[in-house]
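First up is the structure itself, then whatever we jot down about it.
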Amino acid sequence: LIHFTRYATPNTFHGFVPECIFTDDDDDDLTNGTPNYFEILEAFSMHGIGPGVFPNFVSSYEMIDVGDGDGYLEAGEQLRITPEILADDSFAWPNIEGLRAVLRLTGSETVTIVDSISIFATNIAPGDVSIGDAFLISALSDFTPHMAELCITYYAENSPLIVADTFEIYVGYPQLLLVDDDPDTISQIASYYIEALEELGVTYLYHRTLTRGRPTDMNDFPAMLWFTASDTFSVAITDSDTSVIAEFLDGGGHLILTGQNLTGQFAPSFLSSRFGAIHYSTGASVLVNSLNNPWLDFGGENLILIGAPGAGNQRPERLTSLTPISGEPIFEYSGGDVAAIASDNGTNKTAIFGFGIEGLGGTTFMHLPELLEKLFRWFDMQFVSIDDNIVLPSELSISVYPNPFNAVCRISTGKGVESIEIFNISGQLVDRLEPDPAGIISWNPSINVPGGVYLIQVQNPDRSVSTKAVLLR
């Protein structure tokens, strides 16, 4: 009766489990574990109580670009990665003994590993910090910018379990500046663009104006995608924004600008000179038809601004239409008004939409990744699909991308996964995901999930593998 009473309380991990550990201890020294330590943790973990793993630590990495110092691994440069761990002290864990880490790399044929093994302090007590030997990787030659996946696997001499950290690094300078100009503090509209870019394999830098202000150093990027999401009743585009956009275009960059109630906020002269269009009216249909034009071949595919997998945030009364001046109409609303215009002045290429392209939905219509791919090809961008670049392992494994993340992350596993569970650092179960036979599943934490470090654990009948993911809020 006492067992089940304690089992049902909210604080089961930090209540009942420690009592079992203390009872199992046979030498009054928890730093070296107990005779049945791992069996106890695993048994409770099977019922959703506690993380069920040891060693338990938070890892971080210092990355130094041994080259031009811009933070990106480019041709002929090296990247030094120094791992640091903080051993968790929220529970009576044993000391971590003989910890070492091994670096593996997938998804890139132009990057080689120079130093792949990192050794930490011999004995790491709960609460201690230990810095391991640096890993070193090198970029060999010119290449199309892409993402490479790094997997750092940790092994401790006093634990049979394996802890893995996975994250993506840019190989080459990012191709796109993604500007999130949505003032909504809890909006997750950016996740639609991020997922599309990752599907295409386009490397990007995410910039949120709400927290970082207007972007600077934009001309380091060949292209920019600026979206205003649900910013419909405030001034979505300010005079300062137009100055930033003009500076980017003057530098020769290519631009996609998209959002509801957007085109009417520009001065007509700016819209005409920069995008080859002027604002016409507000209010339109959610059904959008593609048009024949000299630059973009949409194959007769059309758009609809409702339904999955779109964001569901487009409203007919907030959609705007345009009148072409020197640009070419590429889409029109079903009523005949122009919905989007492309322009090429010989220096840069632009595409402006009177709606938010994050809203593209419908089962038989063009979706966001397909639209972006056509626009990026028109921009002469080259990219390599991540899914084509990384081969899914045949055995149980786990990787998380992006990591850290602030909207949604993609969890890739091997075959035969029976459960995917996510815990906070206190051992409380946060989420349980349904495994996908394809081995790829997205985790989109609700707004009630705070930022922090989370443990993602995948299991099959024979083995358990875990990794850490960092959610940024």
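The values are calculated or read from the model by the stated rules, or taken from the named source; none is laboratory data. Computed from a predicted structure; not experimentally measured. Reconstructed Cβ throughout: ideal geometry from the backbone, glycine too, with neighbour counts over all protein chains shown.
Looking at region 61-91, which of its residues are outside any strand (DSSP E or B) and not charged (D, E, K, R)?
Gly67, Gly69, Gly71, Tyr72, Ala75, Gly76, Ser90, Phe91
Would you point out the residue of region 92-141, among those that are among the charged types (D, E, K, R) and outside any strand (DSSP E or B), that is farthest from the chain's Cα centre (by Cα)?
That would be Asp128.
Go through region 399-420 residue by residue and tally those that are among the charged types (D, E, K, R) and touching a Gly at 6+ places or on another chain (Cβ under 7 Å).
1
When you check Pro35 against the structure, is it in a loop (DSSP other than H, G, I, E, B) and at pLDDT 85 or above, yes or no?
For Pro35, the condition - in a loop (DSSP other than H, G, I, E, B) and at pLDDT 85 or above - is met.
Residues that are closer than 19 Å to Tyr401 by Cβ and under 12 Å from the mean Cα position of the chain (by Cα): list the strands (runs of 3 or more DSSP E) wholly contained in region 147-229 that include at least 2 such residues.
Where strands (runs of 3 or more DSSP E) fall fully within region 147-229 and carry at least 2 residues being closer than 19 Å to Tyr401 by Cβ and under 12 Å from the mean Cα position of the chain (by Cα), they are 163-171, 204-208.
Those residues that are closer than 11 Å to Ile85 by Cα and surrounded by 18 or more Cβ atoms within 10 Å (Cβ to Cβ), I need them from region 127-139; list them, please.
Of everything in region 127-139, those that are closer than 11 Å to Ile85 by Cα and surrounded by 18 or more Cβ atoms within 10 Å (Cβ to Cβ) turn out to be Ser130, Gly132.
Give the number of residues within region 140-161 that are of a type outside the set (Asp, Glu), at pLDDT below 90 and surrounded by 17 or more Cβ atoms within 10 Å (Cβ to Cβ).
So the count comes out to 10.
Please work out which residue is modelled with the highest pLDDT, limiting yourself to region 435-460 and to residues that are over 24 Å from Tyr206 (Cβ atoms) and among the polar types (S, T, N, Q).
Result: Gln457.
Quick check on region 403-426. Is at least one of its residues modelled with pLDDT of 80 or more, surrounded by 15 or more Cβ atoms within 10 Å (Cβ to Cβ) and farther than 25 Å from Thr106 by Cβ?
Yes, some residue in region 403-426 is modelled with pLDDT of 80 or more, surrounded by 15 or more Cβ atoms within 10 Å (Cβ to Cβ) and farther than 25 Å from Thr106 by Cβ.
Could you please find all residues in region 443-473 being hydroxyl-bearing (Ser, Thr, Tyr) and either closer than 24 Å to Phe44 by Cα or outside any loop (DSSP other than H, G, I, E, B) (or both)?
Once the filter is applied, which keeps residues that are hydroxyl-bearing (Ser, Thr, Tyr) and either closer than 24 Å to Phe44 by Cα or outside any loop (DSSP other than H, G, I, E, B) (or both), region 443-473 yields Tyr454, Ser464, Ser466, Thr467.
In region 47-59, is there at least one residue being over 24 Å from Ile411 (Cβ atoms), modelled with pLDDT under 95, assigned to a loop (DSSP other than H, G, I, E, B) and not assigned by TED's automatic domain parsing to the domain that holds Pro18?
no
Name the single residue that is modelled with the lowest pLDDT among those in region 195-240 being within 25 Å of Leu371 (Cα to Cα) and acidic (Asp, Glu).
Looking at the filtered set, the residue picked out is Asp231.
Can you spot a residue in region 209-216 that is touching a residue at least 40 places away in the same chain (Cβ under 8 Å) and surrounded by fewer than 21 Cβ atoms within 10 Å (Cβ to Cβ)?
Within region 209-216, not a single residue is touching a residue at least 40 places away in the same chain (Cβ under 8 Å) and surrounded by fewer than 21 Cβ atoms within 10 Å (Cβ to Cβ).
Contact list please: Cβ distance under 6 Å, first residue in region 270-289 and under 18 Å from Phe248 (Cα atoms), second residue surrounded by fewer than 16 Cβ atoms within 10 Å (Cβ to Cβ) and among the aliphatic types (A, V, I, L, M), pairs at least six apart or on different chains.
Pairs that qualify, where the first residue is under 18 Å from Phe248 (Cα atoms) and the partner is surrounded by fewer than 16 Cβ atoms within 10 Å (Cβ to Cβ) and among the aliphatic types (A, V, I, L, M), are Ser272/Ile325; Gly276/Ile325.
How many residues does region 290-322 hold that are in contact (Cβ under 8 Å) with a residue 24 or more places away in the chain, assigned to a loop (DSSP other than H, G, I, E, B) and not acidic (Asp, Glu)?
So the count comes out to 19.
Mind telling me which of the residues Glu332, Glu301 ends up being of a type outside the set (Phe, Trp, Tyr), assigned by TED's automatic domain parsing to the domain that holds Thr228 and modelled with pLDDT of 95 or more?
Only one candidate passes the filter, namely Glu332.
I'd like to verify a number: residues in region 137-193 that are of a type in the set (Ser, Thr, Tyr) and within 27 Å of His207 (Cα to Cα), how many?
Summing the residues that are of a type in the set (Ser, Thr, Tyr) and within 27 Å of His207 (Cα to Cα) in region 137-193 gives 9.
Any residue at all in region 73-92 that is hydroxyl-bearing (Ser, Thr, Tyr) and loosely packed, with under 15 Cβ neighbours inside 10 Å?
yes
What is the one condition in (1) closer than 24 Å to Phe376 by Cα; (2) part of a loop (DSSP other than H, G, I, E, B); (3) at pLDDT 85 or above that Ala284 does not satisfy?
If we test Ala284 against (1) closer than 24 Å to Phe376 by Cα; (2) part of a loop (DSSP other than H, G, I, E, B); (3) at pLDDT 85 or above, just (1) comes out false.
Give the residue, chosen from Arg463, Arg432, Arg473, that is surrounded by fewer than 16 Cβ atoms within 10 Å (Cβ to Cβ) and modelled with pLDDT of 75 or more.
Unique residue meeting the criteria: Arg432.
Determine whether Asp181 is charged (D, E, K, R), within 29 Å of Leu368 (Cα to Cα) and either crowded, with 19+ Cβ neighbours inside 10 Å or touching a residue at least 60 places away in the same chain (Cβ under 8 Å) (or both).
yes
Quick one: in region 252-266, which of the residues that are surrounded by 14 or more Cβ atoms within 10 Å (Cβ to Cβ) and in a loop (DSSP other than H, G, I, E, B) is nearest to the chain's Cα centre (by Cα)?
Ranking the qualifying residues of region 252-266, first place goes to Gly259.
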